[in-house]
Amino acid sequence: MTLTPLPLSTTTRLSINGDRLNRSIADLAAIGKLENGGVCRIAFTDADVQARQQVQAWMEEAGMTTRIDAAGNVIGRYAGRSENAPALATGSHIDTVPVAGAFDGCLGVLAGIEVVRTLKDNNVRLNHSIEVIVFSDEERSVIGSKAIAGEVHENPAYYVRLDGLSIEHCLAKVGGDWSQIATAKRKDLAAFVELHVEQGGVLENAQVPIGVVTGVVGQYRFAVKIKGRPNHAGTTPMNLRKDALVAGAQIVLAVNRLALETPGDQVATVGYLTVSPNATNTVPGEVDLMIDLRDLSQSHLEQLVGQLRAEISAIADATGTEIEMRQTLHILPTLAAPGIMNAIEQVCQTLNLSNMQLPSRAGHDAQEIGRITDMGMIFIPSRAGISHSHEEYTSPEECVQGTNVLLQTFLRLDRMYAH
Ligand code: HGY
Ligand code: MN
Ligand code: MN
């Protein structure tokens with residue numbers, strides 16, 4: 001049964017309640033608050049569980065039904081006017097890196113809820129159902145959006161965290177079930193649009209309020225374990241040492257050099273490193289570090305990974321250490337759907353908001369969902385391009401602008417994807 005879409009005049013006047021949106025952002029940021037003003041809500045910790053419960057309650061207050069899938073994704077659904085229409089979806093993540101701001105991921109989830117609150121306040125039902133999804137563990141395994149896309153690694157050991165927690169344990173803690181993970185795969189989404197802070201400085205430098213994302217970079221992450229020989233710092237001659245930290249330091253520099261000196265605009269980072277036994281007067285015996293490698297081209301990434309493996313093998317030989325390099329994440333680059341980019345640009349014109357196209361150099365759940373349906377992303381500026389830091393900031397006005405663009409984009413997509 002098809003319904004005529006709502007008259008454009010009814011809906012183009014709609015705008016969100018900015019105070020309510022920004023209050024939700026502040027209230028969510030209070031969960032896991034740090035002394036320096038940042039937020040810590042590592043996936044599957046008690047703070048993450050508490051934040052999920054809060055968001056689920058807001059979804060239900062907004063008139064959505066909610067469910068938790070086998071990957072622990074929290075899925076709110078605001079029914080459309082035709083029950084069998086595929087859903088238009090939005091959302092993002094509320095888990096954070098260890099010292100985060102209030103906006104990375106959270107804005108996308110709360111903007112989605114605010115869009116539904118606004119539709120409900122105005123008694124508007126779109127042709128499509130609207131879904132707002134909180135994806136599980138975007139910052140590490142990306143298991144939530146990977147499960148919906150059907151891209152989960154079949155071996156649960158692939159997802160063992162550095163703190164030793166298994167994926168089965170983590171998912172169970174948030175209402176998921178690893179043994180049923182295949183049931184999370186979706187085929188019924190008409191389109192997906194994610195609102196996110198840019199986490200870079202392009203929009204701010206260009207003084208443009210809205211970014212229309214062209215595509216999201218691909219990523220590889222590796223856990224590297226270096227085994228040397230712990231020994232006395234005084235009595236062990238330099239030529240007899242197997243110093244794990246010397247090898248680790250050479251890897252950190254090799255990763256940085258690879259990104260700086262290879263033609264292209266790849267980025268590479270070692271952001272995590274532990275040393276043991278980590279004592280002033282002991283030659284380091286073991287080092288664990290993590291490598292993060294990104295680029296818009298998959299083939300270029302593969303070439304960089306090949307070069308890195310060769311360099312690390314040479315460092316093992318030169319330092320007499322054993323080095324294991326285990327892949328912990330691979331995400332293919334994903335392009336945005338031109339039709340959705342177009343719709344976002346048209347909305348910006350009607351709202352008189354200047355906009356520009358740009359790639360996303362941060363990873364997002366949208367890039368996984370873009371494997372099963374048309375995907376688009378809307379960016380708003382990050383002050384000084386800062387993110388993954390307590391200094392992350394975007395103004396309340398910019399959050400309102402981005403959320404109104406999301407609302408009007410959904411109204412357009414409801415007509416574009418009329419089935
Ligand atoms: O690492 C990223 O790009 C994302 O913030 N998880
Ligand atoms: Mn994010
Ligand atoms: Mn992030």
Checking G144, G101, G105 in turn, the sole residue that is open to solvent by less than 50 Å² (accessible area, probe 1.4 Å), within 16 Å of ligand 2 (Cβ to nearest atom) and under 19 Å from H330 (Cα atoms) turns out to be G144
Counting only residues that are in a loop (DSSP other than H, G, I, E, B) and buried (at least 24 other Cβ atoms within 10 Å of the Cβ), region 72-98 contains a total of 6
Taking region 56-71 and the residues there that are part of a loop (DSSP other than H, G, I, E, B) and in contact with a Ser or Thr (Cβ under 6 Å, 6 or more places away or on another chain), the one that is nearest to ligand 2 (Cβ to nearest atom) would be A71
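Looking at region 220-261, which of its residues are of a type in the set (S, T, Y) and over 19 Å from S313 (Cα atoms)? Steps first, please.
So in region 220-261, the residues of a type in the set (S, T, Y) come out as 220, 235-236.
Scanning region 220-261 gives T235, T236.
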Picking from V152, V115, V124, the residue that is touching a helix residue (DSSP H, G or I) at 6+ places or on another chain (Cβ under 6 Å), away from ligand 2 (no atom under 16 Å from the Cβ) and assigned to a loop (DSSP other than H, G, I, E, B) would be V152
Among G200, G211, the single one that is within 16 Å of ligand 2 (Cβ to nearest atom), under 30 Å from G271 (Cβ atoms) and part of a strand (DSSP E or B) is G211
- prompt: Quick one: would you say G339 is open to solvent by less than 30 Å² (accessible area, probe 1.4 Å) and closer than 17 Å to T90 by Cα?
  reply: no
V132 passes all but one of the listed conditions (1) over 22 Å from the mean Cα position of the chain (by Cα); (2) assigned to a strand (DSSP E or B); (3) aliphatic (A, V, I, L, M); the exception is number (1)
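Are any residues in region 82-105 within 12 Å of ligand 1 (Cβ to nearest atom) and touching a Lys or Arg at 6+ places or on another chain (Cβ under 8 Å), and if so, which ones? Show your work before the answer.
Of all residues in region 82-105, those within 12 Å of ligand 1 (Cβ to nearest atom) come to 92-93, 95-97, 100-101, 103-105.
If the condition is that a residue be within 12 Å of ligand 1 (Cβ to nearest atom) and touching a Lys or Arg at 6+ places or on another chain (Cβ under 8 Å), then D95, T96, A100 are the ones that fit.
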Scanning region 210-224 residue by residue, the ones that are under 17 Å from G339 (Cβ atoms) and surrounded by fewer than 22 Cβ atoms within 10 Å (Cβ to Cβ) total 2
In region 284-310, anything touching a residue at least 60 places away in the same chain (Cβ under 8 Å) and not aliphatic (A, V, I, L, M) is listed as E286, D288, D292, R294, D295, S297, Q298
Taking region 190-214 and keeping residues at positive phi and within 16 Å of ligand 1 (Cβ to nearest atom) leaves Q199
Note on region 382-392: residues within 15 Å of ligand 2 (Cβ to nearest atom) and out of contact with any strand residue (DSSP E or B) (no Cβ under 6 Å at 6 or more places or on another chain) are G385, I386, S387, H388, S389, E392
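When only residues in region 359-403 that are in a strand (DSSP E or B) and either within 15 Å of ligand 1 (Cβ to nearest atom) or without any contact (Cβ under 8 Å) to a residue 40 or more places away in the chain (or both) count, which is surrounded by the fewest Cβ atoms within 10 Å (Cβ to Cβ)? Walk me through it before giving the result.
Let us first name the residues in region 359-403 that are in a strand (DSSP E or B), namely 359-360, 374-380.
Now restrict to residues that are either within 15 Å of ligand 1 (Cβ to nearest atom) or without any contact (Cβ under 8 Å) to a residue 40 or more places away in the chain (or both): 359-360, 377, 379.
Working: P359: 17, S360: 25, M377: 30, F379: 26.
Ranking the qualifying residues of region 359-403, first place goes to P359.
The values are calculated or read from the model by the stated rules, or taken from the named source; none is laboratory data. Keep in mind the model is a prediction, meaning the values are calculated, not measured. Virtual Cβ from ideal backbone geometry, glycine too; neighbours counted across all protein chains shown. These accessible areas exclude ligands, DNA and RNA; they are computed on the full protein's heavy atoms, side chains included. Shrake-Rupley method; radii C 1.70, N 1.55, O 1.52, S 1.80 Å.
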